[in-house]
1. Which whole-Hz couplings ³J(HN,Hα) result when phi for each residue of region 73-82 is put into the Karplus expression 6.51 cos²θ - 1.76 cosθ + 1.60, θ = phi - 60°, listed in order with x for Gly and Pro?
2. Size of the dipole of region 1-98 about the Cα centre, Lys and Arg at +1 and Asp and Glu at -1 on the beta carbon, nothing else charged, in debye to 20?
3. Select one label from (1) 9.9; (2) 11.2; (3) 12.1: the one whose number is mean projected area of the Cα convex hull in nm² as derived from the coordinates shown.
4. Taking the Cα centre of region 5-167 as origin, work out the dipole magnitude from +1 charges on Lys and Arg Cβ and -1 charges on Asp and Glu Cβ, in debye rounded to 20.
5. With each pseudo-label sitting 7 Å past Cα toward Cβ, what's the ASN110-GLN31 distance in nm, one decimal?
6. May I ask for the net charge around GLU122, where only other residues with Cβ less than 11 Å from the Cβ of GLU122 are counted and Lys, Arg are +1 while Asp, Glu are -1?
7. Pick out, from VAL76, ASN58, ALA118, the residue whose Cα sits farthest towards the positive end of the charge dipole of the chain, with +1 on the Cβ of Lys and Arg and -1 on the Cβ of Asp and Glu.
8. Can you list the HN-Hα couplings for region 61-71, worked out from phi with the Karplus curve (6.51, -1.76, 1.60; θ = phi - 60°), rounded to whole Hz and with x for Gly and Pro?
Amino acid sequence: MGYTHNTHMSKIIPCTEMMPITGTWTEVAGQVAGTICKHKAAAAETAIVYIPITIPSNSVALQGSKLLSVEIDYEVLVAACTSVTAALTKVTRGADGSDAVVAAVTGTQNLTAATDAADVDEHKLTFTVTTPAFIDNDEYYILTLTCVAAATTQLDILAAVANYTARM
């Protein structure tokens, strides 16, 4: 049995695995033939979408997956957003009878929230983790995409990609 240490792993997270929290969303055919997307109807609101990061974890220290970054593919249609921001949280599962513990994960996004990430266009926003760590088997990550939309703004979210190191 061999050992794997691959620093260029990635996993597609389709829009069908994402969970919109606010806004009116539907799954529709994308703007490009053969694609699907989560589509937010026009409304002045703060739309929030949870994106679960489902990569392997491990109970052995320094093994499994080390999350490096998450890319989100989306399109802003009709009118620009006020802002589009990404935030990552780590959820540590609670023992029987205990609540899970949620903690913010420090990172940066490549597109400026109020300008580059929010204009009417196709976007690939990358959230890069400042201090990547291997994921323990009692932890998981959720990326939250928050879009402050104008009255006529529509959004299409196509997919996300989790980039990670795999050590097994």
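Read-outs throughout are calculated quantities, based only on the coordinates presented, and are distinct from any laboratory measurement. Predicted model, so just to flag it, every value in this text is computed and none were measured. Virtual Cβ from ideal backbone geometry, glycine too; neighbours counted across all protein chains shown.
1. Using θ = phi - 60°, the values come out as 9, 8, 9, 9, 10, 6, 9, 5, 7, 6 Hz.
2. Details: 6 positive and 7 negative charges, 54 e Å.
Once rounded to the nearest 20, the dipole reads 260 debye.
3. The calculated read-out lines up with (2).
4. 340
5. Calculated label separation equals 1.8 nm.
6. That sum, taken over residues with Cβ under 11 Å, equals -4.
7. Highest projection toward the positive end goes to ASN58.
8. Once rounded to whole Hz, the list reads 4, 6, 10, x, 10, 10, 5, 9, 7, 10, 9.
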